[in-house]
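Following: one structure in structure tokens, then a few remarks.
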Amino acid sequence: MPWTRRAAVGAVAASGLSVALPPASAAAASNRPPAAPRIHDVAVIGAGVFGAWTAWSLKRAGLDVALAEQHAPGHARASSGGESRVIRVSYGADPLYSPMAETSLAAWDQLSARAGLPILHRLGVLWFSPASDAYMRQSLGWLEQRGLAHRRFDRDGLAAAWPQMVFHPGESGFLEETSGALIAGRGVQTVVRDAGLTPVTLAVAPGPPRRVGEAYELAPGLAARTVVYACGPWLPKLFPDVLAGRIVPTRQEVYHFGLAPGDARFSPPNLPVWADFNAGDLVYGFPDLEGQGFKMAFDAHGPVIDPDTQGRQPTPAGVERARAYLASRFPALADAPLIHARVCQYENSSNGDFLIDRLPGHDRVWLVGAGSGHGFKHGPAIGERVTAHILDPGLAIEPRFSLATKAAEQKREIY
Ligand SMILES: Cc1cc2nc3c(=O)[nH]c(=O)nc-3n(C[C@H](O)[C@H](O)[C@H](O)COP(=O)(O)OP(=O)(O)OC[C@H]3O[C@@H](n4cnc5c(N)ncnc54)[C@H](O)[C@@H]3O)c2cc1C
């Protein structure tokens, strides 16, 4: 479709994007064809945590960036929506995610300091297991090596520190003292605002973007030399030939239970963020944060879903399972009222590694996603990495983030 003044102005009118078109009268008077709309350096599609931080980082690097989003930044159906996310910096012996989390924690902290309302709450993260397993030992080794504040606990130590929880014989754990919780939806909105960006409201069409000369045209009035698709669980719908079966969205339920007035046992600072890790079976939760109640969820992958059409009401079976867990681990909350629940989705790669690679056949089109249930905290580091690739086309793709390593078989390795 050729560029026309009417189409371009129509597409951007509601978005706040500026397009360098001359006044109609001037063009008519001079009989010159209207100027082409502005071509951005980069268009980022998707204002979830990956897209928002990518756009932020590109802007910081001095590039001209457009951000397009089909709904709103951090909206209720996005994987980045909702109240809170865990940020911890230990990942067993994983050499990739621990440094990324550490970098990101600092960036979230700085953003939080600039924001009107807090984004990072340093509540501490308690990780515990039935026994001191290899994952825990490796996490502790890394925390020690990096000199990051943490405390170890045997079962008696855990029970003494958190008497409102039940710990079983043999359990042990550690507290990452400077990690904690990120505010999710508001956090994403804050990143976009901090970048000085007004997203274009636009559902970009599936498939590779249309090439117009040296640029890609995403819609009338929106063109860029480089395009980043950071579309979370929608990526396999946009690029089914490349990603169907390699990024698999699964249903995940989250429960918030109400506390009795004056009961401070489940509020900060009396309870940190916690993660109960049992050989791949992870249950995690948050103390009452910003009045949202005690939150808990099961990290195991639920049924495969479509992010546009899945029902967003919790299942009775899921609520029952949560109650059974509360009765065994937080007995004072066994009958607490369910005050709020959310149904979200993970967008899982085969083993849990992220995707940061080019769309095959397109040197300047990037696919960024597969957060796999642990991506939120890493938003800043992902934005930094994508920016580095765009600034330096010769920069090698991290093999674990490559498309080539995204298999169709689901075999989770990253927690
Ligand atoms: C219940 C739950 C708990 C989690 N817990 C944690 C945790 O504790 N710690 C942690 O680090 N991570 C956690 N995660 C994972 C983390 O939240 C995700 O990995 C991360 O939010 C993914 O972000 P994203 O930007 O890739 O995707 P999204 O947030 O889904 O963003 C993609 C955006 O792209 C937009 N989009 C899609 N298609 C189009 C189109 N065609 N045109 C325009 N826009 C489009 C969407 O509307 C959406 O806003 C959790 C996730 C869930 C669901």
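The values are calculated or read from the model by the stated rules, or taken from the named source; none is laboratory data. Please read these numbers as outputs of a predicted model, since none were measured by experiment. When we count neighbours, we look across all protein chains shown, and the Cβ atoms used for this are built from the backbone with ideal geometry, even at glycine.
Points to keep in mind about this one:
- Options Leu271, Leu259; residue that is hydrophobic (A, V, I, L, M, F, W, C), under 24 Å from Ser172 (Cα atoms) and away from the ligand (no atom under 15 Å from the Cβ): Leu271
- Here the condition is being part of a helix (DSSP H, G or I) and within 16 Å of the ligand (Cβ to nearest atom); of Gly373, Gly379, it holds for Gly379 alone.
- Number of positions in segment 311-330 that are surrounded by 11 or more Cβ atoms within 10 Å (Cβ to Cβ), out of contact with any Phe, Trp or Tyr (no Cβ under 8 Å at 6 or more places or on another chain) and charged (D, E, K, R): 3
- Any hit, segment 383-401, residues being outside the structural domain of Phe298 (by TED's automatic domain parsing), at negative phi, crowded, with 21+ Cβ neighbours inside 10 Å and among the small types (Gly, Ala, Ser): yes
- Residue match in segment 338-345 (condition: surrounded by fewer than 20 Cβ atoms within 10 Å (Cβ to Cβ), within 16 Å of the ligand (Cβ to nearest atom), without any contact (Cβ under 8 Å) to a residue 24 or more places away in the chain and of a type in the set (D, E, K, R)): no
- Test: Ile414 is buried (at least 17 other Cβ atoms within 10 Å of the Cβ), closer than 26 Å to Leu282 by Cα and either outside the structural domain of Ala55 (by TED's automatic domain parsing) or of a type in the set (Lys, Arg) (or both): yes
- Residue count for segment 87-123 satisfying the condition of being over 26 Å from Glu398 (Cβ atoms) and assigned to a helix (DSSP H, G or I): 3.
- Entry remark, segment 52-86: residues being of a type in the set (Val, Ile, Thr) and either in a loop (DSSP other than H, G, I, E, B) or within 8 Å of the ligand (Cβ to nearest atom) (or both) number 1 in total.
- Of all residues in segment 183-195, at least one satisfies being under 30 Å from Asp263 (Cβ atoms) and either part of a loop (DSSP other than H, G, I, E, B) or among the aliphatic types (A, V, I, L, M) (or both).
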